[in-house]
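What follows is one structure encoded as structure tokens, with my remarks underneath.
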Amino acid sequence: MDRLVGATVRGAREGCCDDSAVWLRRLTHEVARSEPSGGLDSLIGVLARAAGSCGAILWEASETELDPAGPAIAGAWFADGVTIVDPACPDPITMEAFTDHTLVMAAGARDRRGSPPAVIAALPLEYLDGRRGALTLLGDDELTGNSFDLTVDLLDVLPALCVLVRERRCLALVRRCSDILQDAEVESARQGPGGGDSGDHLGDHLGRVCTVIGDTLRCGKVSIFLREPGAPDGVFPLVASSVGGTAPGVPARSGIGLVGRVIECGRPLVAPAGLAGEGSCRGAEMAVPLLDGDQVSGAIACRGLPGPPFHFTRSDLSALGLIAPHVTRYWRNWLHRRAISVENRSWLLLAAGITAFNKLASEQLARTDPDDQRIYRAAMQIVRDVGPDCVGCDVYRSDAHRPDRHRARGASSAEQRLWPAESFPGAGGAEPEASMEFALSVLRSGRPGAMASPAGAAGWLAGTPIQVSGQVYGVLVAFGRCSTVPSNALQVGEIVGDQLGLYLHLRQTLQRLQETRGKLQATLRSQAEALEDLEHQLGGPLLVATERVDLTLQHGRFDGRTDAQLRAVRGLCRKAARVAMSAAVFAALSKGAAPRPRFELLSVDDLLRLLISGADDAQLLSNPRRRIRFEVEREGIRILNRRLIQADRSFVEQCVGNLLDNAAKYSYEDTAVRIHGSVDDEGFAVRVTSTGLPVDPADAKLCLRRNWRGSVARTTTGEGSGLGLWIVDHLMRSMKGAVRVQPVQDTTTVLLTFPIA
Amino acid sequence: MKPFIVVVEDDHLQEALLEDQLQRAFPAARIETLVTEQEFRERLADFRTDRPDVIIMDVMLRWAFPSPTATAPPADVASGGYQRAGFRCAELLFQDPALHDVPVIYYTILEGGDLEPDTRRLSSRTTYVRKSKDHDYLARKVRDLVGPATSAPSAAKRG
């Protein structure tokens with residue numbers, strides 16, 4: 001086909017102003033209402049219709065490194081039933097218009113009426129950024145003067161409108177992607193840590209972003225590749241794609257393919273159709289890096305559709321570039337949320353583990369022979385479950401706690417040594433020598449420590465002393481396979497190490513306590529036996545001495561002074577015998593044995609003799625300068641009448657003697673100690689009433705406790721051990737009786753109640 | 001000059017016997033018996049002008065006899081208690097510049113070994129004599145400190 005070249009565009013514009021206004025309105029209206037994804041095509045459609053064409057193609061300088069850049073399709077419109085044969089390659093008319101920046105009309109177009117549509121004209125165009133472009137019109141007839149003028153008029157505003165359409169498309173793309181990612185953030189926040197941050201959720205949300213990009217930029221496939229921190233270098237797994245499917249995609253590898261080159265160089269790249277894949281005939285492709293600071297964390301890659309525009313423009317790359325920061329930010333937030341979620345789960349797991357450990361520890365500590373190995377395994381299980389990338393643990397005990405059979409021969413006492421107590425999960429963990437060497441370094445430093453790639457091996461080691469309050473029991477070592485030490489490995493080890501230390505400390509303390517308790521019990525037994533022996537050795541001679549003095553007093557005739565001395569001696573013997581008996585009762589009670597009474601029936605006369613004898617002794621032994629009188633009110637006792645009480649005579653003597661001792665000790669000068677009796681529903685009560693140091697009524701029951709002494713008594717006289725009433729209480733209870741203390745101001749009555757037989 | 005012997009003993013049964021024995025051993029001596037820690041403290045100021053030649057001190061000693069008008073004991077007595085009251089009295093003596101060199105004989109039923117930790121920090125002019133029916137040993141110890149007895153009995157008794 002011949003061509004008309006060099007026609008002046010402005011030369012044929014008269015008389016078309018009215019039509020131009022109408023079509024301009026249509027054009028701007030189309031820009032305003034069109035969908036962002038198809039805006040440019042619609043715009044070209046208006047232009048084509050204004051020109052009376054059945055198709056139009058808008059070209060722009062391609063986004064390749066070729067110099068000069070060739071034309072590439074930016075948009076296209078075809079009437080129904082019209083297709084373009086090879087739109088990827090510009091026709092000569094278009095090429096000439098693009099290269100020479102001149103209008104080129106197809107010659108002889110009028111003769112082609114009835115033939116398939118062909119290029120009838122190509123108009124040069126200059127975009128606002130200075131790049132060249134062209135508009136190709138297709139039809140089956142040449143352009144008329146009016147149509148030509150109209151097309152030229154509309155072409156004047158086309159660059160500005162193109163910018164407008166593209167900006168609207170970019171804005172819409174960014175807004176839709178941002179909305180998706182924002183919704184994803186909101187969903188994650190609503191579901192709480194760990195609720196919506198699984199890999200599936202990430203793929204779903206980013207897949208929707210891919211779909212939106214694909215729709216807007218008319219891509220055949222959009223993919224997002226992301227690399228996790230700590231993942232192998234240079235490999236970026238496929239995380240999401242606009243094309244459905246559950247099969248894992250092929251990861252991008254740094255330096256390989258367009259995406260690999262983008263990852264490697266860290267800047268966006270676009271490749272025209274046929275150049276994307278190493279000599280293959282793949283469609284156009286573009287990719288932008290996902291930059292987090294100066295690190296490339298991934299890439300977004302797009303492949304073009306087999307239809308127009310067949311390639312990616314600078315505008316497409318810019319639009320994709322605007323999405324990249326949003327995806328990067330979402331990925332960064334997702335990783336952060338996942339880290340928090342993992343950490344939360346980790347602490348929850350740790351808390352549950354520690355609770356279970358404590359339960360096990362308390363069970364084991366309650367046993368006579370705790371199973372330490374079980375405790376070690378439980379501790380190591382916690383570290384393994386909770387610690388990230390932890391594949392196993394070793395527990396080493398310090399040599400100071402090593403059983404003798406394991407102690408290293410010739411080991412210096414000054415040198416700190418360790419012995420392997422337990423390993424988990426057994427063989428196949430860390431190198432034993434490296435682990436032991438590392439544990440020794442932790443023991444020497446006394447602080448937790450970690451190291452990566454010990455002794456040239458892969459993996460990490462983290463160790464913490466097993467200790468409590470500076471007492472070191474050993475070292476806990478955890479190990480894993482990663483090249484770096486996980487962030488919280490030391491913290492977890494430290495917590496579990498402390499817990500283990502606490503268990504061992506408690507175990508050792510309990511063991512010592514048990515040993516001490518055993519020794520104490522042995523000592524108490526020995527003391528009780530000694531007291532029993534004392535009672536035995538004292539009791540016999542005192543009994544004999546008392547009886548002989550009694551006999552001497554009954555049958556002999558002495559002057560008053562000698563008689564008084566003998567009575568005093570008898571009183572002292574009886575008092576000493578009571579002290580000896582108190583020692584024996586104390587010994588029995590210390591061993592947990594109860595006093596055993598030898599019951600007999602006591603009449604009122606028996607009781608009177610016993611009480612008078614006790615009162616006489618108390619009188620003889622009391623300090624005459626203090627003028628304390630001991631008086632038995634016989635009538636008060638005789639109310640027992642013919643009734644009998646069942647009691648152990650020696651126990652009664654002991655009880656009455658102790659009460660009179662207390663009365664002598666705490667009575668004021670020149671007062672009387674009354675010994676009288678009463679009968680009530682509970683039985684017969686011997687009552688000893690004295691006036692002296694007051695007893696607080698609140699302390700009445702406390703008086704019967706072992707070693708208890710009232711504050712006034714303790715600070716005033718100081719003497720006494722607090723055993724007298726405690727012994728009386730036990731003796732009375734052994735006889736089914738009771739002792740009660742009834743204080744009223746400075747008068748105190750102590751009642752010994754016996755059941756009446 | 002008559003020797004002045006002070007006996008601090010709260011058991012009236014022992015006190016009378018001890019006083020008799022001492023008076024027999026030291027007929028010319030003036031013997032004063034104090035029966036509570038409170039009495040000893042009250043007499044301490046007088047001892048500066050009427051200095052004892054020796055003090056025979058019981059170790060377990062009550063603070064006072066019960067009385068409706070009794071005052072509360074000082075803090076050191078309330079916290080220190082009755083078991084080692086004799087040492088507390090001796091310390092007051094040794095802290096007094098005028099009395100610090102008065103010899104003290106601890107006369108007690110307690111074993112010497114039980115007293116060891118408490119006597120270690122006291123003056124070198126202290127002696128321990130265990131109570132027994134043989135009063136000659138105590139008399140010899142007193143004689144070592146105050147010289148032989150020369151005068152007729154002259155006991156002063158308090159309490």
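Some notes on this structure:
- Residue A:649 fulfils the conditions (1) surrounded by fewer than 20 Cβ atoms within 10 Å (Cβ to Cβ); (2) under 25 Å from residue A:549 (Cα atoms); (3) outside the structural domain of residue A:722 (by TED's automatic domain parsing) except for a single criterion, (3).
- Restricted to helices (runs of 4 or more DSSP H) entirely inside region B:8-97, those with at least 1 residues that are surrounded by 15 or more Cβ atoms within 10 Å (Cβ to Cβ) and in contact with a strand residue (DSSP E or B) (Cβ under 6 Å, 6 or more places away or on another chain) are B:12-25, B:37-47, B:85-95.
- Among residues of region B:5-22 that are within 11 Å of chain A (Cβ to nearest Cβ), those with a Cβ under 6 angstrom from a residue that is among the aliphatic types (A, V, I, L, M) and crowded, with 18+ Cβ neighbours inside 10 Å, sequence gap 6+ or separate chain, pair up as B:10/B:35; B:10/B:61.
- Residue list for region B:44-80, filter: without any contact (Cβ under 8 Å) to a residue 60 or more places away in the chain and more than 14 Å from chain A (Cβ to nearest Cβ): B:44, B:45, B:46, B:47, B:48, B:49, B:50, B:51, B:52, B:55, B:57
- Of all residues in region A:569-603, those satisfying the criterion of being among the hydrophobic types (A, V, I, L, M, F, W, C) and within 14 Å of chain B (Cβ to nearest Cβ) are A:569, A:572, A:573, A:576, A:579.
- Close contacts from region A:480-507, counting a first residue that is under 15 Å from residue A:449 (Cβ atoms) and at pLDDT 85 or above and a second that is among the polar types (S, T, N, Q) and outside any helix (DSSP H, G or I), with Cβ to Cβ under 7 Å and a gap of 6+ residues or different chains, come to A:490/A:464; A:493/A:464; A:494/A:464; A:497/A:464.
- Pairs with Cβ under 9 Å, 6+ apart, first in region A:550-567 and acidic (Asp, Glu), second surrounded by 10 or more Cβ atoms within 10 Å (Cβ to Cβ): A:550/A:570; A:563/A:553; A:563/A:556
- Conditions (1) farther than 21 Å from residue A:466 by Cβ; (2) of a type in the set (Phe, Trp, Tyr); (3) in a strand (DSSP E or B): number failed by residue A:334: (3)
- Just so you know, in region A:467-504 the residues that are among the aliphatic types (A, V, I, L, M) and within 16 Å of the chain's Cα centre (by Cα) include one that is nearest to residue A:396 (Cα to Cα), and it is A:496.
- Among the candidates A:566, A:608, residue that is part of a helix (DSSP H, G or I), away from every other protein chain (no Cβ under 14 Å), in contact with a helix residue (DSSP H, G or I) (Cβ under 6 Å, 6 or more places away or on another chain) and at pLDDT 90 or above: A:608
- The set of residues in region A:694-721 being touching a helix residue (DSSP H, G or I) at 6+ places or on another chain (Cβ under 7 Å), outside any helix (DSSP H, G or I), hydrophobic (A, V, I, L, M, F, W, C) and more than 14 Å from every other protein chain (Cβ to nearest Cβ) consists of A:708 alone.
Every residue, every condition in (1) in the same structural domain as residue A:232 (by TED's automatic domain parsing); (2) among the small types (Gly, Ala, Ser); (3) more than 30 Å from residue A:576 (Cα to Cα), yes or no:
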residue	(1), (2), (3)
A:488	no, no, yes
A:497	no, yes, yes
A:509	no, no, yes
A:525	no, no, no
A:560	no, yes, no
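- For region A:666-682, the candidate set comprises residues that are surrounded by fewer than 19 Cβ atoms within 10 Å (Cβ to Cβ) and either more than 24 Å from residue A:624 (Cα to Cα) or within 9 Å of chain B (Cβ to nearest Cβ) (or both); within that set, the residue that is nearest to the chain's Cα centre (by Cα) is A:682.
- Within region A:695-735, if we keep just the residues that are under 24 Å from residue B:68 (Cα atoms) and β-branched (Val, Ile, Thr), the residue that is surrounded by the fewest Cβ atoms within 10 Å (Cβ to Cβ) turns out to be A:712.
- Meets criteria (part of a helix (DSSP H, G or I) and under 26 Å from the mean Cα position of the chain (by Cα)) for residue A:324: no
- Meets criteria (more than 14 Å from every other protein chain (Cβ to nearest Cβ) and part of a helix (DSSP H, G or I)) for residue A:616: yes
- Among strands (runs of 3 or more DSSP E) entirely within region A:1-119, having at least 2 residues that are farther than 25 Å from residue A:163 by Cα and at pLDDT 75 or above singles out A:104-106.
- Matching residues in region A:541-563 - criterion: being surrounded by 15 or more Cβ atoms within 10 Å (Cβ to Cβ) and within 14 Å of chain B (Cβ to nearest Cβ): none
- Residue in region B:81-92 that is within 14 Å of another protein chain (Cβ to nearest Cβ), modelled with pLDDT under 90, over 16 Å from the mean Cα position of the chain (by Cα) and over 26 Å from residue B:20 (Cβ atoms) present: yes
- Residue list for region B:115-135, restricted to those being surrounded by 12 or more Cβ atoms within 10 Å (Cβ to Cβ) and not hydroxyl-bearing (Ser, Thr, Tyr): B:115, B:118, B:122, B:125, B:129, B:130, B:131, B:135
- Qualifying positions in region A:621-659 - within 14 Å of chain B (Cβ to nearest Cβ) and more than 20 Å from residue A:578 (Cβ to Cβ): A:624, A:625, A:626, A:627
The values are calculated or read from the model by the stated rules, or taken from the named source; none is laboratory data. As the structure is a prediction and not an experimental result, all values here were calculated from the model. Using ideal geometry, Cβ is built from the backbone for each residue, glycine included, and neighbour counts are taken over all protein chains shown.
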